[in-house]
1. Right, A:Asp277: open to solvent by 60 Å² or more (accessible area, probe 1.4 Å), over 25 Å from A:Cys59 (Cβ atoms), in contact with a helix residue (DSSP H, G or I) (Cβ under 9 Å, 6 or more places away or on another chain) and in a loop (DSSP other than H, G, I, E, B) or not?
2. Every residue in region B:124-141 that is more than 19 Å from the chain's Cα centre (by Cα) and either in contact (Cβ under 8 Å) with a residue 40 or more places away in the chain or within 14 Å of another protein chain (Cβ to nearest Cβ) (or both), please.
3. Go through region A:197-215 and give me each residue that's open to solvent by 10 Å² or more (accessible area, probe 1.4 Å) and outside any loop (DSSP other than H, G, I, E, B).
4. Which condition from (1) closer than 25 Å to A:Pro127 by Cβ; (2) crowded, with 22+ Cβ neighbours inside 10 Å; (3) basic (Lys, Arg) is the one that A:Lys225 breaks?
5. Just name the residue that is farthest from the other protein chains (Cβ to nearest Cβ) out of those in region A:214-244 that are of a type in the set (Gly, Ala, Ser) and more than 19 Å from A:Glu325 (Cα to Cα).
6. May I ask you to verify whether B:Asp175 is more than 14 Å from chain A (Cβ to nearest Cβ) and open to solvent by 10 Å² or more (accessible area, probe 1.4 Å)?
7. Looking at (1) without any contact (Cβ under 8 Å) to a residue 40 or more places away in the chain; (2) out of contact with any Pro (no Cβ under 6 Å at 6 or more places or on another chain); (3) more than 14 Å from every other protein chain (Cβ to nearest Cβ), which is the one condition that is false for B:Val167?
8. Which of (1) touching a residue at least 24 places away in the same chain (Cβ under 8 Å); (2) away from chain A (no Cβ under 14 Å); (3) open to solvent by 20 Å² or more (accessible area, probe 1.4 Å); (4) touching a helix residue (DSSP H, G or I) at 6+ places or on another chain (Cβ under 6 Å) does B:Phe151 not meet, given it meets every other one?
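The values are calculated or read from the model by the stated rules, or taken from the named source; none is laboratory data. What you see is a predicted model, and the numbers here were worked out from it, not measured in a lab. Virtual Cβ from ideal backbone geometry, glycine too; neighbours counted across all protein chains shown. Surface areas here come from the heavy atoms of the whole protein model, side chains and all, with no ligands, DNA or RNA. Shrake-Rupley method; radii C 1.70, N 1.55, O 1.52, S 1.80 Å.
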Amino acid sequence: MISPTLSPAGAPAWPQVRAHVHAHVRAHVRLRRAAGRLAAALALGGAACAASAAGAPACEIDRPVRFGGMNWESNLVLVEVERAIVEHGYGCRTEVLPTETLPALAALTRGDLDINTEVWLNSVADPWNKAEATGRVRRAGDLYMGGEAWFIPRYTAERLPELKSAADLPRFKDEFEDPEEPGKGRFYGCPAGWGCEVVSSNLYRALGLQDSYTLYSPGTGAAQKAALTAAYKRKQNVVFYYWYPTPLVGSMDLVKLELPPYDKDAQECLTSPDCKDPKPSAYPENPVFTALNTGFEKQAPTLAKFFAGISVPLPAMDETLAHMEETGDEAQAVAEWFLKNKQDIWTKWVPAEVAARVQAAL
Amino acid sequence: MFPELISARDLRGAIDAFVDHLVTDYADALEAISHPFLQLLVWLEQALRSAPWWLVVLAVMAIAWLVGRRVLLSLGMGLLLCGVGVLGLWDAGMQTLSLMIMATGLSVLIGIPLGIAMARLSWLRAVMLPVLDVMQTMPSFVYLIPVVMLFGLGKIPAIIATVIYAVPPLIRLTDLGIRLVDREVLEASRAFGATPRQQLFGVQLPLALPNIMAGINQTTMMALSMVVIASMIGARGLGYEVLLGINRLEVGRGLVAGLAIVALAILFDRITQSYGQRMRRGAAR
């Protein structure tokens, strides 16, 4: 919404397939206008179209299936994978609305979106519980277990062997100097307004870093990634919050900073914006699941069943995202790569005939 | 499909590799160059934020009085600035104000000399016009991300992005203003034996001043419209509040910060405009 240039998700999937269909239609029109001597060709073209129409099943709903295009990579790739399967396997039209976590949840509740492919529960625990209480959204399938941590690069860990845990940070504030606040270090928190920003800033207070570090919330995920990537390339010391699986964590050699063991009560307070007296606690494992609008679920039970059955092993996800980072490909191309190379994973999500149709379209 | 003459993927890859190369080899040097600017900006921001609010308001009223010589204008400007404080955004407002002052100052330093050069050298004009078009239309995120990679997150990339976007109208209007100066007036000055330098500073610039002031006015307005974008790459202030409001779906926070941006815009607009008007009246006399 505010960064349309960043989300390739708005573009239609599989343009080559669509172009092919369009070419068919145009050919038809031309043929109809032509004289009778082309009747044989017309019959041939018509037959070809009829044959391809018979192969495609009817979609359960007569409007495009709407995906939330939250603009982080794992979501973009999985959305494209699901779109390919829904389009080729189930014969539906799809569209992606580029958006961000909380607006997407609001849109899902309202029914403006049908599917939020990735919901990271811990980052949106409160808003999610509220949305679920309305009865208009439902947690469908668990995709994988994500996680979050405070990281330093391996070379920083080697330069500062005594820096093991987040509580040690104040001693090393000069190593992470913030050029805009002389005398303080800079901790790169979570992008402004994201759910994880609340936890980051509470944890920052809980560890008593206010006097020694600035909590630097980048304005967007892209800017955060750009700053961290540049720092890593230049071998500068950085300390930052990040989550995984992501291309960034997959492609960099990072070390997690230790946090006090996970404590449920402390964590609950950390996720609340009004937490009075935050206590440090490690990040819990973060279930990432697909959320569906319940209206959509009723209209399209078969599709809902498909979405409920999706799950991806974490190593496969890491591999996919590392592939994305290496090739610099767009989500669509990576999705195609995934569908070709990870058949053992996605064919489990769908009945055999659906899988066959998707494979035929590849 | 359009025939593929060059591989788009390779082209993108080459650009990526070039930026990577810049980042690994030149980022330290660029950061060192930008360091004095950063220090100036940090100093200005600290000064504005730590000064008592009434001092800042009085200073703005004094400036408004000096440029416009109208009591009502001066009072109105003071009230407007107080309005930002009443909305609870004084600190954010001062951060934005310091960024604006710095961006506008840099724009004037870059824009006016360039505009003068463009008015005198027609080849420079031919080169600069398409460049200005690109600067005004290229989506800012396209160059924001490389700038972030080169200068790090924070105020410097925000200033660079703001200046790129905001300086074109000043260049264009300076160029226009100088070229619009009456040929006969110039001839008369030459007849009295004015050197080219005297012509520029004694005749052309004073007569072009209303246009230049309009350019500065446009530049400040466009710089203010960039504050939300600038906040995406780590500039604090009102734009950041708007961004927070949008991302957290807090309509109230976004709207109030938006109103404060409008208040600052009116402030800059009225002050620069009334200065331009006074110039014009002076020129008419």
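1. yes
2. B:Arg125
3. Those that are open to solvent by 10 Å² or more (accessible area, probe 1.4 Å) and outside any loop (DSSP other than H, G, I, E, B): A:Glu197, A:Val198, A:Ser201, A:Tyr204, A:Arg205, A:Ala206, A:Thr214, A:Leu215.
4. Answer for A:Lys225: the failing condition is (2).
5. Only one residue tops the list, namely A:Ser217.
6. Criteria not met by B:Asp175.
7. Going through (1) without any contact (Cβ under 8 Å) to a residue 40 or more places away in the chain; (2) out of contact with any Pro (no Cβ under 6 Å at 6 or more places or on another chain); (3) more than 14 Å from every other protein chain (Cβ to nearest Cβ) one by one, B:Val167 breaks only (1).
8. Tallying (1) touching a residue at least 24 places away in the same chain (Cβ under 8 Å); (2) away from chain A (no Cβ under 14 Å); (3) open to solvent by 20 Å² or more (accessible area, probe 1.4 Å); (4) touching a helix residue (DSSP H, G or I) at 6+ places or on another chain (Cβ under 6 Å), B:Phe151 fails exactly one: (2).
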